[in-house]
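*Asks:* Provided herewith is a single structure, encoded as structure tokens, for subsequent inquiry.
The values are calculated or read from the model by the stated rules, or taken from the named source; none is laboratory data. Keep in mind it's a predicted model, so treat the numbers as computed, not measured. Cβ: placed from backbone, ideal geometry, glycine included. Neighbour counts: every protein chain shown.
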Amino acid sequence: MKSKSKKSNLYSFWFVVPSLAIFCIFFLYPIVTSLYYSMTVWNFDSATFCGLDNYKMFFSENSLSSSIVHTLIYAFLTSGLKVVIAFFIAIFLTSKIRTKGFIRSCVFFPNLVSTMAVGLTFCALMHPTKGLFNVVLQAIGFSPINFLGDINLALYSVIATDVWKGLSISVVIYIAGVQSIDKTYYEAASIDGASAWQQLKSITLPLVAPSQNSIIILSLIGGLRTFDLIWAMTGGGPGFATDVMASVIYKEYAYGFYGLSTAGNVIMLVLISCIAFPLQHFLMKREEAIQ
Amino acid sequence: MKKSVVAVSLAAVMALGSVPATVFAEDGAKPYEGVTLNMWMSVSEYQDGTKAVMEKATEELGMEFQVEINPGGTEGDNIIKTRCASGDLPDITNYNSGSLLTALNPKEHFLDITDEEMTQKFDDTFLSCVSQDDRVYGAPFTTTQAGAVVYWKPDYEELGLEVPKTWDEFVSNCQALKDAGKTPVYLSGGDTWTTQVLFLGDNYNVLAKNPSFADDFTAGTAKFATDEGALASWDKYADLVDFYNADSTAAKYEDGLEAMATGQATHWFILTQVVPLMIAAHPEAEENIGVFAVPGDDAENAGLTVWEPNAWYINKDSANTEAALAFLDFWYQEENMDLYINTYGANGPSCIKGYTLPDSVAPAIREDMQAYFDEGKTAPALEFLTPVKGSTCEQITTSAALGQIDGATAAQMYDDDCKKSAVQQGLGWE
């Protein structure tokens, strides 16, 4: 009897083996080896162990540590803006308006264009003298703004572009969430004399929480990993003003500092995990509390 | 009868057409008939001048060429390193001299040309940049160039300005130009590498104050933040912040080329390789462009920081080393060097001893730059004297140029950056 149950346990185990093998070979093994290489000076031929020096350098050198700060600003700001703005757009697009289909396509359109193309286009639009934005600003009597050349502004210009481009996915998720809310809640509320704002606050907002949570997690992780838009628009410049972790890691790699760039990747993995897992946990709790 | 004549002559024409080369081979003047040399170079090297000499070599020596294009930059570096490691080098490689060459470990991969006849023609500064353990591995591809100031002469004439010998004179010239409503200095911050030229091109002045700076720097004892002359290089950026073009943060190298060749700005800190390109785009600019060295403190000792050219390297294990050597020998025949320069132009004086630039070369190169060489007031750029270069140099120079950080901060940042490079290269700096 006992041996039989053991056998059946083992029997089911074999179903897991293929995926476990793939996971170990392509995920676990690279993570473990990258942990080792992040503690070496590595040039592909030979790796000299150097302890935690690469990590120390990443946190102590200004150009590297500032990239961590920029990454956090970028991720939280893009995520926050997308969550708030997309919510109102989704509410608007689920209301009784005529050109709903057309406007929904328009909102989704930026997402169809490749990030590189968006980046290069906005880079041209934001050109300090020839860009369309500044031409318009000057035409209506304002002084030109150096969107991408001013260190205090450059990161926010890229963030604005990211929000413009990334909004659509959040809107689509929100729309799905809003449409799945049972209409009877609204009917009951309006019979009780609730205003539109009260309905929005007390019915829509709580019940859309599951979609909102997906948006927060997706856009935050996307923001932490961002590379392509930064690379197309500023290349991390001017100076170090828009360097994020991914762009710094790329530069260190291109320069042949493989150990250091691996250490950057490990830091990024830890950073994303440390933010994403607790946040996920917190959001799930909140979702359960509402239900 | 008529038909057969036509047929025979047609056949003859066809036979001629299919084997045109062998028909003329009988006179024996083409020793490398049938040899195909594989070459590897970037688009900026595979230009009309190079093509003209290669065509002539095919005509006279018989060898054919097959060119692979080097994508350039770090991507190109990675390709050549991989090809070295896998033993897949082309017959002739066109690549940087100096620290980038050292990183390839040339004695393992390239033919030792120390005892070749042509090697005796190369000047010593160049030889030092293509040698390892006193053996020579490379031959100069083109002329030298400098990291210097390209300037628009008509503005100087209009305001009666003198070519500055010191930094203070330069800054006061800029002020005068600004007061006259001109753009004194062009900054092409959209291509960040160009912002380095002021700093890198100041190396003559650094070495003038401290001749052992390069060696001490490699050893890790001299620092930019603490060496007086080296710190002065960084401080220069702060003096220019108010003199730039309106789109300085976004302008590209090509924009600078266009603006300078049409007199929209007066000065540009740039590599002189831009001069032939400016003249190609705007032939009338030839007489209006001048070049002077990045000014230092000492009016008596104003000198130019020189970049040695890329070099040709022959694959040690190639089956065609003889043909490759013959091609290089052909390259350094005076008439062929003339052909190259008359077709493409020159970036600076030649590193071939005893060779004078033909009259077709722009006065900016043939007179302005040559004067520094004739007086012996030149020094190689730091990257030819040390293997250490900070990886974020161009970001730091951009920050400094835009006035985001002051000279002392920039120098400190660059020291940290170099330390990072040195540690990653295993130089054991502490």
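*Asks:* Would you check which residues across segment B:66-91 are assigned to a helix (DSSP H, G or I), surrounded by 15 or more Cβ atoms within 10 Å (Cβ to Cβ) and aliphatic (A, V, I, L, M) and list them? Spell out the reasoning first.
*Replies:* Narrowing segment B:66-91 to residues assigned to a helix (DSSP H, G or I): B:73-85.
After this cut, where a residue has to be surrounded by 15 or more Cβ atoms within 10 Å (Cβ to Cβ) as well, the list is B:76-77, B:79-81, B:83-84.
Once the filter is applied, which keeps residues that are assigned to a helix (DSSP H, G or I), surrounded by 15 or more Cβ atoms within 10 Å (Cβ to Cβ) and aliphatic (A, V, I, L, M), segment B:66-91 yields B:Ile79, B:Ile80.
*Asks:* A further question follows. Regarding segment A:56-71, can at least one residue be identified that is more than 28 Å from B:Lys419 (Cα to Cα) and more than 14 Å from chain B (Cβ to nearest Cβ)?
*Replies:* To start, the set of residues in segment A:56-71 that are more than 28 Å from B:Lys419 (Cα to Cα) comprises none.
Within segment A:56-71, not a single residue is more than 28 Å from B:Lys419 (Cα to Cα) and more than 14 Å from chain B (Cβ to nearest Cβ).
*Asks:* Looking at (1) touching an Asp or Glu at 6+ places or on another chain (Cβ under 9 Å); (2) of a type in the set (A, V, I, L, M, F, W, C); (3) surrounded by 24 or more Cβ atoms within 10 Å (Cβ to Cβ); (4) away from every other protein chain (no Cβ under 14 Å), which one does B:Ala281 not meet, given that it meets all the others?
*Replies:* (3)
*Asks:* Select from segment A:94-132 the residues that are touching a helix residue (DSSP H, G or I) at 6+ places or on another chain (Cβ under 9 Å), of a type in the set (Phe, Trp, Tyr) and farther than 21 Å from A:Ile230 by Cα and list them in ascending order.
*Replies:* Scanning segment A:94-132 gives a single hit, A:Phe108.
*Asks:* Scan segment B:299-315 and tell me whether some residue there is of a type outside the set (Gly, Ala, Ser), crowded, with 18+ Cβ neighbours inside 10 Å and over 17 Å from the mean Cα position of the chain (by Cα). Spell out how you get there, then give the answer.
*Replies:* The initial filter retains those residues of segment B:299-315 that are of a type outside the set (Gly, Ala, Ser), namely B:300-301, B:304-310, B:312-315.
With the extra rule that they be crowded, with 18+ Cβ neighbours inside 10 Å, the set shrinks to B:304-310, B:312-315.
Next, only the ones that are over 17 Å from the mean Cα position of the chain (by Cα) stay: B:314-315.
Looking through segment B:299-315, at least one residue is of a type outside the set (Gly, Ala, Ser), crowded, with 18+ Cβ neighbours inside 10 Å and over 17 Å from the mean Cα position of the chain (by Cα).
*Asks:* When segment B:134-158 is examined, which residues are found to be within 14 Å of B:Asn96 (Cβ to Cβ) and either among the small types (Gly, Ala, Ser) or assigned to a strand (DSSP E or B) (or both)? Steps first, answer last, please.
*Replies:* Applying the first criterion (within 14 Å of B:Asn96 (Cβ to Cβ)) to segment B:134-158 yields B:137-142, B:144-145.
Within segment B:134-158, B:Gly138, B:Ala139, B:Pro140, B:Gln145 qualify.
*Asks:* When both residues are 6+ apart or on different chains and their Cβ atoms are under 8 Å apart, which pairs have a first residue that lies in segment A:48-68 and is at positive phi, and a second that is outside any helix (DSSP H, G or I)?
*Replies:* Note: pairs meeting the criteria are A:Gly51/A:Met39.
*Asks:* Does A:Ala117 meet the test of being part of a helix (DSSP H, G or I) and within 14 Å of chain B (Cβ to nearest Cβ)?
*Replies:* Details: part of a helix (DSSP H, G or I): yes; within 14 Å of chain B (Cβ to nearest Cβ): no.
For A:Ala117, the condition - part of a helix (DSSP H, G or I) and within 14 Å of chain B (Cβ to nearest Cβ) - is not met.
*Asks:* Filter segment A:206-231 for residues that are away from chain B (no Cβ under 14 Å) and either under 30 Å from B:Ala410 (Cα atoms) or loosely packed, with under 15 Cβ neighbours inside 10 Å (or both) and give the result. Spell out how you get there, then give the answer.
*Replies:* As a first pass, look at segment A:206-231 and keep what is away from chain B (no Cβ under 14 Å): A:206-229.
Passing the criteria: A:Gly223, A:Leu224, A:Arg225, A:Thr226, A:Phe227, A:Asp228, A:Leu229.
*Asks:* Separate question: Checking B:Asn94 against (1) at pLDDT 90 or above; (2) not in a strand (DSSP E or B); (3) not aromatic (Phe, Trp, Tyr): exactly one of these is not met. Which one?
*Replies:* Condition (2) is where B:Asn94 drops out.
*Asks:* From the list B:Asp155, B:Asp115, B:Asp133, which one is among the charged types (D, E, K, R) and buried (at least 16 other Cβ atoms within 10 Å of the Cβ)? Step through it out loud before you land on a result.
*Replies:* Numbers: B:Asp115 fails: buried (at least 16 other Cβ atoms within 10 Å of the Cβ); B:Asp133 fails: buried (at least 16 other Cβ atoms within 10 Å of the Cβ).
Exactly one residue qualifies, and that residue is B:Asp155.
*Asks:* I would also like to ask the following. A:Gln179 passes all but one of (1) surrounded by fewer than 14 Cβ atoms within 10 Å (Cβ to Cβ); (2) under 30 Å from B:Gln404 (Cα atoms); (3) of a type in the set (S, T, N, Q); which number fails?
*Replies:* Answer for A:Gln179: the failing condition is (2).
*Asks:* Taking B:Thr144 as the residue in question, decide whether it is of a type outside the set (Gly, Ala, Ser) and either in the same structural domain as B:Ile92 (by TED's automatic domain parsing) or surrounded by 24 or more Cβ atoms within 10 Å (Cβ to Cβ) (or both). Spell out the reasoning first.
*Replies:* Details: of a type outside the set (Gly, Ala, Ser): yes; either in the same structural domain as B:Ile92 (by TED's automatic domain parsing) or surrounded by 24 or more Cβ atoms within 10 Å (Cβ to Cβ) (or both): yes.
So B:Thr144 passes the test.
*Asks:* Let me ask another. Can you tell me how many residues in segment B:396-430 are closer than 23 Å to A:Asn54 by Cα and not aliphatic (A, V, I, L, M)?
*Replies:* From segment B:396-430, those closer than 23 Å to A:Asn54 by Cα are B:396, B:409-430; that's our starting set.
Adding the requirement that they be not aliphatic (A, V, I, L, M) leaves B:409, B:412, B:414-421, B:424-426, B:428-430.
Within segment B:396-430, residues that are closer than 23 Å to A:Asn54 by Cα and not aliphatic (A, V, I, L, M) number 16.
*Asks:* Determine whether B:Leu111 is within 23 Å of B:Thr386 (Cα to Cα) and either of a type in the set (A, V, I, L, M) or modelled with pLDDT of 80 or more (or both).
*Replies:* Values: within 23 Å of B:Thr386 (Cα to Cα): no; either of a type in the set (A, V, I, L, M) or modelled with pLDDT of 80 or more (or both): yes.
Here the answer is no, as B:Leu111 does not meet what is asked.
*Asks:* Which of the following residues is within 19 Å of A:Leu72 (Cα to Cα) and at pLDDT below 90: A:Phe240, A:Phe257?
*Replies:* Matching residue, one of A:Phe240, A:Phe257: A:Phe240.
*Asks:* Hey, another quick one. Check off (1) surrounded by 22 or more Cβ atoms within 10 Å (Cβ to Cβ); (2) in contact with a Pro (Cβ under 9 Å, 6 or more places away or on another chain) for B:Phe217 and give me the number that stays unchecked.
*Replies:* (2)
*Asks:* Another question, then. Which one is farthest from B:Thr195 (Cα to Cα), of the residues in segment A:204-235 that are outside any helix (DSSP H, G or I) and in contact (Cβ under 8 Å) with a residue 24 or more places away in the chain? Even if it seems obvious, please write down each step before you answer.
*Replies:* First pass over segment A:204-235, keeping only residues outside any helix (DSSP H, G or I): A:208, A:225-227, A:234-235.
Still in the list and also in contact (Cβ under 8 Å) with a residue 24 or more places away in the chain: A:208, A:225-226, A:234.
Details: A:Val208: 51, A:Arg225: 29, A:Thr226: 26, A:Thr234: 15 Å.
Selected residue: A:Val208.
*Asks:* Among the residues of segment A:254-271 satisfying the criterion of being part of a helix (DSSP H, G or I) and facing chain B (nearest Cβ under 9 Å), which is surrounded by the most Cβ atoms within 10 Å (Cβ to Cβ)?
*Replies:* Only one residue tops the list, namely A:Leu260.
*Asks:* Where in segment B:318-430 are there helices (runs of 4 or more DSSP H), lying fully within it, with 1 or more residues that are buried (at least 18 other Cβ atoms within 10 Å of the Cβ), free of Cβ contacts under 8 Å to residues at least 40 places away in the same chain and within 14 Å of chain A (Cβ to nearest Cβ)? Lay out the reasoning, then the answer.
*Replies:* Details: elements: B:321-331, B:334-344, B:370-374, B:393-401, B:407-424.
Answer list for segment B:318-430: B:393-401, B:407-424.
*Asks:* Here's something else I'd like to know. A:Thr234: among the polar types (S, T, N, Q), over 18 Å from the mean Cα position of the chain (by Cα) and within 12 Å of chain B (Cβ to nearest Cβ), yes or no? Please lay out each step first, then the result.
*Replies:* Values: among the polar types (S, T, N, Q): yes; over 18 Å from the mean Cα position of the chain (by Cα): yes; within 12 Å of chain B (Cβ to nearest Cβ): yes.
Judged against the criteria, A:Thr234 is a match.
*Asks:* Let me ask something else. Anything in segment B:213-252 that is assigned to a helix (DSSP H, G or I), within 14 Å of chain A (Cβ to nearest Cβ) and under 26 Å from the mean Cα position of the chain (by Cα)? List them, or say none.
*Replies:* B:Trp234, B:Tyr237, listed by residue number.
*Asks:* Considering only residues that are part of a helix (DSSP H, G or I) and either of a type in the set (Phe, Trp, Tyr) or crowded, with 23+ Cβ neighbours inside 10 Å (or both), look in segment A:144-156 and name the one that is farthest from the other protein chains (Cβ to nearest Cβ).
*Replies:* If we filter segment A:144-156 for residues that are part of a helix (DSSP H, G or I), which is where we start, we get A:151-156.
Subset that is either of a type in the set (Phe, Trp, Tyr) or crowded, with 23+ Cβ neighbours inside 10 Å (or both): A:154, A:156.
Working: A:Ala154: 9, A:Tyr156: 15 Å.
This residue is A:Tyr156.
*Asks:* With (1) more than 27 Å from B:Thr356 (Cβ to Cβ); (2) of a type in the set (A, V, I, L, M, F, W, C); (3) touching a residue at least 40 places away in the same chain (Cβ under 8 Å) as the list, and B:Leu104 as the residue in question, which single condition is left unmet?
*Replies:* (3)
*Asks:* I'd like to know if segment A:127-143 contains one or more residues that are among the hydroxyl-bearing types (Ser, Thr, Tyr), more than 17 Å from the chain's Cα centre (by Cα) and part of a loop (DSSP other than H, G, I, E, B). Step through it out loud before you land on a result.
*Replies:* We begin by selecting, within segment A:127-143, every residue among the hydroxyl-bearing types (Ser, Thr, Tyr); these are A:129, A:143.
Next cut, more than 17 Å from the chain's Cα centre (by Cα) only: A:129, A:143.
Next, only the ones that are part of a loop (DSSP other than H, G, I, E, B) stay: A:129, A:143.
Within segment A:127-143, one or more residues are among the hydroxyl-bearing types (Ser, Thr, Tyr), more than 17 Å from the chain's Cα centre (by Cα) and part of a loop (DSSP other than H, G, I, E, B).
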